[in-house]
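Trainee: Below is one structure. I have some questions about it.
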Amino acid sequence: MACVVPIVCRDQILNKNYVIDILVEDEIILELKAVADVLPIYEAQLISYMKLAQKRLGFLINFNVPLLMQGLKRFVNKPLVVQTVKVPKHPLR
């Protein structure tokens, strides 16, 4: 089942949507291909989907291989780590 992800830039929703091939349990993105060679653009596409949809895990699956395991590639989107800084209650002197 395809899932549409709107593109938001500077708090504006653009007139273009990304269409994720399959979204599993609202957690895992599956990008499906049936190509002779998996190009870097396909990997970049999946990584973009993962970042925009804020999903941690994605798989690029190419069905044009003798064994399905040969066409499976896993991607992990590392979340942005935000550090908090304690501000002293009293101004520095």
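Trainee: Residues of region 46-62 being of a type outside the set (D, E, K, R), open to solvent by 50 Å² or more (accessible area, probe 1.4 Å) and free of Cβ contacts under 8 Å to residues at least 40 places away in the same chain, which ones? Step through it out loud before you land on a result.
Mentor: Within region 46-62, the first condition is being of a type outside the set (D, E, K, R), and the residues that meet it are 46-50, 52-54, 57-62.
Next, from what is left, pick out any that are open to solvent by 50 Å² or more (accessible area, probe 1.4 Å): 47, 52, 54.
Passing the criteria: 47, 54.
Trainee: Please enumerate the residues belonging to region 64-78 that are over 8 Å from the mean Cα position of the chain (by Cα), touching a residue at least 24 places away in the same chain (Cβ under 8 Å) and assigned to a loop (DSSP other than H, G, I, E, B).
Mentor: 64
Trainee: Okay, moving on. Test of understanding: among 61, 41, 20, 13, which residue is of a type outside the set (S, T, N, Q), under 12 Å from the mean Cα position of the chain (by Cα) and at pLDDT 75 or above? Give the derivation first.
Mentor: Values: 61 fails: under 12 Å from the mean Cα position of the chain (by Cα); 41 fails: under 12 Å from the mean Cα position of the chain (by Cα); 13 fails: under 12 Å from the mean Cα position of the chain (by Cα).
Residue meeting the stated conditions: 20.
Trainee: Can you list residue pairs whose Cβ atoms sit under 9 Å apart, with the first residue in region 18-35 being farther than 20 Å from residue 8 by Cα and the second being loosely packed, with under 12 Cβ neighbours inside 10 Å and aromatic (Phe, Trp, Tyr)? Count only pairs 6 or more apart in sequence or on different chains.
Mentor: 32/63; 33/63; 34/63; 35/63
Trainee: How many of the residues in region 11-61 are of a type in the set (Phe, Trp, Tyr) and farther than 13 Å from residue 75 by Cα?
Mentor: At the first step, the residues of region 11-61 found to be of a type in the set (Phe, Trp, Tyr) are 18, 42, 49, 59.
Filter once more, keeping what is farther than 13 Å from residue 75 by Cα: 18.
Residues flagged as of a type in the set (Phe, Trp, Tyr) and farther than 13 Å from residue 75 by Cα within region 11-61 amount to 1.
The values are calculated or read from the model by the stated rules, or taken from the named source; none is laboratory data. Only a predicted model underlies this, so the values are computations on that prediction, with no experimental measurement involved. Reconstructed Cβ throughout: ideal geometry from the backbone, glycine too, with neighbour counts over all protein chains shown. For the accessible areas, the whole protein counts, side chains as well, though only heavy atoms, and no ligand, DNA or RNA atoms are used. Shrake-Rupley method; radii C 1.70, N 1.55, O 1.52, S 1.80 Å.
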